[in-house]
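Novice: Here's a structure for you.
The values are calculated or read from the model by the stated rules, or taken from the named source; none is laboratory data. Here the structure is a predicted model, which is why all the values come from computation and not from measurement. For neighbour counting, all protein chains shown are included, and Cβ atoms are generated from backbone atoms with ideal geometry for every residue, glycine included. Keep in mind that these areas ignore ligands, DNA and RNA; they rest on the heavy atoms of the full protein, side chains included. Shrake-Rupley method; radii C 1.70, N 1.55, O 1.52, S 1.80 Å.
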Amino acid sequence: MSTTQAVEAVFRIESARIIAAVARIVRDVGIAEELAQDALVAALEQWPESGVPDRPGAWLMATAKHRAIDLVRRKETYARKLAEVGRTLEDVPPPSEPAGPDDIDDDLLRLIFTACHPVLATDARIALTLRLMGGLTTQEIARAFLATEPTVAQRIVRAKRALAAAAVPFEVPYGADREERLASVLEVIYLIFNEGYAATAGDDLVRPALCEDAVRLARVLAALMPKEPEAHGLAALLEFQASRIAARTGPDGEPVLLADQNRAKWNRMLIRRGALAMQHAGSGPYSVQAAIAGCHAEALRYEDTDWPTIATLYGRLVELVPSPVVELNRAVAVSMAEGPEAALPLVDALAQEPALRAYHLLPSVRGDLLERLGRTEEARAEFERAASLTHNARERALLLGRAARA
């Protein structure tokens, strides 16, 4: 590995921690990111000649902090800033590198709550979280969400400006504010994972790298907030779901349905991690979804799936978060537990839901039920309609194939 590659690898791992620590000093995530980038440039200039330090993460952290201190010194409000920080910054030694995944500074918690502040639109929260917490470049974020680089760059810049304009404090909220902000944080990580797990558009069904980033963020959040059941519930859910990624596509990238997946490809280590996280989960929406995913993970064969329990859990989920999409998923579980004839009325009742009119999975599920009932002509029409609604090329090919075989 070249020195440049070593610098970039270390920065990718340490960037969130560095930005978080510097943001505590300058109280602005935009400026903090710029100072972290300055430290990266300094490393790229100095390490080829001096060699990679024994503790490269600590070197980058110290460099970024020193630049932050210099910036504060140049301002007339230096004395006030020192009072806010509450200690003499010059006397702070370079921090040691983390000993393990649980050795995480509270600054990271402040950073993720800031990046996911409700003052930002959802797409802005996602982009900023991936940039600050995930260490992704603008190009990587654009590629993951099939957006142009200028669009993503503008989204990130506007997000930073919005946080500064709203004077969003760099802190972990408490009470009702904390509950609201935690919901936002969990939602952003969940959405990032979902886009990687089932891409809404493009030629690929799955984007594993995006899933990995979301799982890592969920693990960090659960470690930072050990007493928050839903943080553990989300971590468990993503671990269980991520365990199936390798089996979800065939050799040419084509989708493989759950019933046809080679379960030997399921990642048992991730399933074990999910089970451990479930020990600390609660009874909220993410925890219930994790319990559903856990039922699938426990089944060594598709025939062993505990569909009655899954249907019951979906019923509980509907009570927690009433949603036509959740109702549709419950109908699928009911069809497996009680038969397609029991589920078809549930699906038909959702046909007039405005939120599902352009949702390709509604006709897809209905087509599956009709096919199982032997109503092949109707099933074919539903599969063709589903194919016309999806924006993912792989899913479209799968649905057209099912229509042809119906």
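Novice: What is the angle, in °, between the Cα long axis of helix 361-372 and the longest principal axis of the Cα atoms in the chain? Nearest 10 is fine, range 0 to 90.
Specialist: 30 degrees
Novice: In whole percent, and with a 1.4 Å probe on the protein chains, what portion of the accessible area of the chain is carbon and sulfur?
Specialist: Ligands and nucleic acids excluded, carbon and sulfur reach 52 percent.
Novice: When a/c reaches 1.5 or more, the comparison of a/b and b/c decides; with that in mind, is the stretch 120-230 rounded, prolate or oblate per its Cα gyration tensor?
Specialist: Oblate.
Novice: Quick check: the angle from helix 376-389's long axis to the longest principal axis of the chain, C-alpha only, nearest 10 degrees?
Specialist: 20 degrees
Novice: Please state the charge dipole magnitude for the chain, taken about the Cα centre, from unit charges on C-beta atoms (+1 on K and R, -1 on D and E), reported in debye and rounded to the nearest 20.
Specialist: Around 400 debye, computed over the chain.
Novice: Can you give the Kirkwood hydrodynamic radius of the stretch 285-406 from its Cα pairs, in Å with one decimal?
Specialist: 15.0 Å
Novice: Please calculate how many Å² of accessible area the chain carries per residue, with a 1.4 Å probe and no DNA, RNA or ligand atoms counted.
Specialist: Roughly 48 Å² per residue, with all protein chains present.
Novice: Right, here's the next one. Which value at 222 nm does the chain reach when only helices count, each DSSP H run of 4 or more adding -39,500 (n - 2.57), with the total divided by all residues and rounded to the nearest 500 deg cm²/dmol?
Specialist: -22000 deg cm²/dmol
Novice: Here's another thing I want to ask about it. Report the one residue of L191, I13, L373 whose Cα lies farthest in the direction of the positive end of the charge dipole of the chain (charges on C-beta: Lys and Arg +1, Asp and Glu -1; origin at the Cα centre).
Specialist: I13
Novice: Let me ask something additional. Diagonalise the Cα gyration tensor of the stretch 334-406 and give the resulting equivalent ellipsoid semi-axes, square root of 5 times each eigenvalue, largest first, whole Å.
Specialist: Working from the Cα gyration tensor, I get semi-axes of 19, 16, 9 Å.
Novice: On a 0 to 90° scale, report how tilted helix 208-224 is relative to the longest principal axis of the chain, with both axes built from alpha carbons and the result rounded to the nearest 10.
Specialist: 60 degrees
Novice: Once you order the gyration tensor axes a ≥ b ≥ c over the Cα atoms, which shape class does the stretch 200-313 get: rounded for a/c under 1.5, otherwise prolate or oblate by comparing a/b with b/c?
Specialist: Note, shape of the stretch 200-313 comes out oblate.
Novice: Any idea what the relative contact order of the chain is, in percent, if you count C-alpha pairs under 8 Å spaced at least 6 apart?
Specialist: Answer for the chain is 11 percent.
Novice: How long are the semi-axes of the equivalent ellipsoid of the stretch 218-278, taking √(5λ) for every eigenvalue λ of the Cα gyration tensor, in whole Å from largest down?
Specialist: 27, 10, 8
Novice: Separate question: Using the Cα gyration tensor of the chain, with a ≥ b ≥ c the square roots of its eigenvalues, what is the shape: rounded (a/c below 1.5), prolate (a/b larger than b/c) or oblate (neither)?
Specialist: prolate
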